[in-house]
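Q: Below you'll find the structure I mean.
Just so it is clear, none of the values below were taken in a lab; they were calculated from the coordinates. Just so we're clear, the structure is a prediction, and the values are computed from it rather than from any experiment. Every residue, glycine as well, gets a Cβ built from its backbone with ideal geometry; the counts of neighbours run over all protein chains shown.
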Amino acid sequence: MSIHEILEELPKLTEDEKRQLWNVLDHELGDESEEESPEVLAAIERGIRSLEAGERTHTLDEARERVREIVAKARGQ
């Protein structure tokens, strides 16, 4: 399955399935020796609540930039 096919299927997932997918990807791609800061985790939770509330969504590029900003800020860079 290609990344394009996966992205097309994402909207069909339930919120629980999306969280499960997030956890799997986080586990597979994450550096387990370094946990995220409380600020990063809080930002992720705010994003999930925002999505569930139907608030504005962002392009992938916008999201990547925002994540870079949040992580840099949380790490004091």
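Q: Using helices alone, I'd like the mean residue ellipticity at 222 nm for the chain: each DSSP H run of four-plus residues gives -39500 (n - 2.57), total over residue count, nearest 500.
A: Counting only the DSSP helices, I get -21500 deg cm²/dmol.
Q: Quick check: pseudo-label points 7 Å beyond the Cα along Cα→Cβ at Val67 and Ser50, how many nm apart are they?
A: Spacing of the two 7 Å Cα→Cβ label points: 1.4 nm.
Q: P(r) of the chain in 5 Å steps, Cα pairs, percent per bin?
A: Cα pair-distance distribution for the chain, in percent: 3, 12, 17, 30, 22, 12, 4, 0.
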